[in-house]
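Enquirer: The following block contains the structure, expressed as structure tokens.
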Amino acid sequence: MFKKIIKGGQRKHPKSDSWDTSNQGHVLPGSSNLGSGTPAVNHASGTKPISKGPNSGVRTSLPPMFAVEPLPLFKGVAVADRPTLFLRKLQLCCFQLDFSNSTKLVREKEIKRQTLLDLVEFIESGSGKITERSQEELIKMVGVNIFRCLPPAFHENTGQEALEPEDEDPYSEPSWPHLQLVYELLLRYIVSSDTDTKVAKRYIDHMFVLKVLDLFNSEDPREREYLKMILHRIYGKFMIHRPCIRKAINNIFYRFIYETQRHRGIGELLEVLGSIIHGFSLPMKEENKLFLVRALIPLHKMKTASMYHEHLSYCIVQFVVKDYRLADTVIRGLLKYWPMTNCQKEILFLGELEEVLEATQSAELQRCILPLFRQIARCLHSDHYQVSERALFLWNNEHIVDLIAQNREVILPIIFEALDWNIQNHWNEVIHGLTENVLKMFVEMDDDLFDKCEAQFAEEKARAREVEEQREMVWKKLADAAAEKGGDHMVTV
């Protein structure tokens, strides 16, 4: 019965309006485009077709499949017939269908979906060992389905002005019901304990990995989520691909920062990168430090940084945790790209700064203490109360308070004016209360130093008042002199 069903897949499909010959796309080597006797070339994998010659040995080619017809389930056939059925199902799944019209080829779409589901269940169950040839054809089928030209963004398609990515509606890939199953099949294959890495790396090669990374620019967040999981598993299982993956991610960041300023998958790539950085060995390689300085830190300056800042912050902090000597480099990098007019982004920076300072030692803080606390002082007396509040919250962190206490003689003179301004002038009562708490902490740390700073600040205020009074006197004398000479022609401002 099984052999009759397999042979039944060889029948030519009658010509009708229900099938469009342009929809088949790439198929497995040995198959043909509908209505044509010429074998299709699989451009997705770049591998050679299976030989049909007399010396091909056990690698005999399957009969060509000309139509999408249902195949039996794996559990309904004998164990010995399952390898051949597996290959036939992969062959069927290489038919590419038109998803732009939901009413077209409904039967064929459902048959392909059910076939993909059966393949996923078969791989997940581990009920049969996958042969080397089956692995090769599996990766070819995956490539045929997922490697494609991504659709342009909405504004590119319509000519309208580009919106900020966070304001755009999420895009839904029309072929997702099939794509999801193909991604699930690939993921199950990679994580399977039956998958031999030595064999699999012949087909999941550098080119395959680079094409997977290109798909991270997909508009569909569901696809990017699957890609993230797959890339993470590939990095963990295939050590040979690790340098390639790191370099490719590096290049994507460079292109995003210095060329396009638009990429949908930065957050997902940073999430994968966080795990990679966490596994870096010590001492840290120079190339990894360069990656921090040239790619990760400049990501802070992008307009869309708020969309991926959580994952970026994690990566940055991991570098400092791994090597505390990088704290000075990271803090100066944050100060370089500190937002001047975007208060919400400034709050994100303050949160990241707190995490970095938690992993910073006193010796490293002293190298950047002056520019750092000058910026913190500017944040303390910000008119935006959330910025001021977030800066004052730094004193709730015990490690940071300990660092400040060790360097109080340098820090307090820098921020004393900002704290005094908050008490005298800030409009928000919550800021008043938080500022008073910080001042009390400094009094408890060093009462003499606090009195000294207070006296010094009073002298500076008195001196500034004298300078202002002298300036007003000079202007008054000039105005009087001009009035005597010019009289009626003088214009006062």
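Enquirer: Calculate one ³J(HN,Hα) per residue across the range 80-95 by plugging θ = phi - 60° into the Karplus curve 6.51 cos²θ - 1.76 cosθ + 1.60, and present them in order as whole Hz with x for glycine and proline.
Expert: Rounded to whole hertz, the list is 5, 8, 5, x, 5, 5, 4, 5, 5, 5, 4, 4, 5, 6, 7, 5.
Enquirer: Using the Kirkwood radius over C-alpha pairs as Rh, can you work out the diffusion coefficient of the range 311-459 via Stokes-Einstein at 25 °C, viscosity 0.890 mPa s, in µm² per second?
Expert: Rounded, D is 156 µm²/s.
Enquirer: Let me ask you something else. If r is the Cβ-Cβ distance from Leu290 to Gln386 and R0 is 25 Å, what FRET efficiency results, to the nearest 0.05?
Expert: It comes to 0.10.
Enquirer: For the range 237-381, with equal point scatterers placed on the C-alpha atoms only and solvent neglected, what are the log10 I(q)/I(0) values from the Debye formula at q = 0.15 1/Å, to two decimals?
Expert: -0.76
Enquirer: Report the Cα-based extents of the range 303-343 along its three principal axes, largest first, to the nearest Å.
Expert: Extents along the principal axes, in whole Å: 31, 19, 12.
Enquirer: Next up: The range 302-391: D in µm²/s via Stokes-Einstein (Kirkwood Rh, Cα pairs, 4 °C, 1.567 mPa s)?
Expert: Translational D for this selection: 97 µm²/s.
Enquirer: Further, regarding this structure: Working with all protein chains in place, sort Cys149, Cys244 by solvent-accessible area computed with a 1.4 Å probe, largest first.
Expert: Result, largest first: Cys149, Cys244.
Enquirer: Mind grabbing the base-10 log of I(q)/I(0) for the range 415-480 at q = 0.20, 0.22, 0.25 Å⁻¹? Debye formula, identical points on the C-alpha positions, no solvent, two decimal places.
Expert: After summing over all Cα pairs, the log10 values are -0.83, -0.92, -1.04.
Enquirer: Ser125 accessible area, nearest 10 Å², 1.4 Å probe?
Expert: For Ser125, the solvent-accessible surface is approximately 70 Å².
Enquirer: Whenever you get a sec, line up Cys343, Cys315 from highest to lowest accessible area (probe 1.4 Å, protein heavy atoms).
Expert: So the residues, ranked largest to smallest area, are Cys343, Cys315.
Enquirer: Give or take rounding to whole Å, what are the principal axis extents of the alpha carbon atoms in the range 56-129, in descending order?
Expert: Largest first, the range 56-129 extends 41, 31, 16 Å along its Cα principal axes.
Enquirer: Let me ask another. Could you compute Rg(Cα) / (2.2 N^0.38 Å) for the range 282-333, with N its residue count?
Expert: Working it through for the range 282-333, the quotient is 1.10.
Enquirer: Okay, moving on. With a bin width of 10 angstrom, please list the P(r) values of the range 371-493 as percents of all Cα-Cα pairs, from the 0 bin to the one holding the largest distance.
Expert: 12, 34, 23, 12, 12, 6, 1
Enquirer: Which whole-Hz couplings ³J(HN,Hα) result when phi for each residue of the range 447-461 is put into the Karplus expression 6.51 cos²θ - 1.76 cosθ + 1.60, θ = phi - 60°, listed in order with x for Gly and Pro?
Expert: 3J(HN,Hα) across the range 447-461, in whole Hz: 5, 5, 4, 4, 4, 5, 5, 5, 5, 5, 5, 5, 5, 5, 5.
Enquirer: Further, regarding this structure: Mind jotting down the distance between the C-alpha centroids of the range 407-443 and the range 256-303, whole Å?
Expert: Value for the Cα centre distance between the two parts: 36 Å.
Enquirer: Something else now. In square nanometres, what is one fourth of the surface area of the convex hull spanned by the alpha carbons of the range 107-266?
Expert: Its Cα hull, projected and averaged over all orientations, spans 10.6 nm².
The values are calculated or read from the model by the stated rules, or taken from the named source; none is laboratory data. All of these numbers come straight from a predicted model, not from anything done at the bench. A quick note on method: Cβ atoms are made from the backbone with ideal geometry, for glycine too, and the neighbour counts reach across all protein chains shown. Ligands, DNA and RNA are stripped out before the accessible areas are found, and what is left, the full protein with its side chains, is counted by its heavy atoms. Shrake-Rupley method; radii C 1.70, N 1.55, O 1.52, S 1.80 Å.
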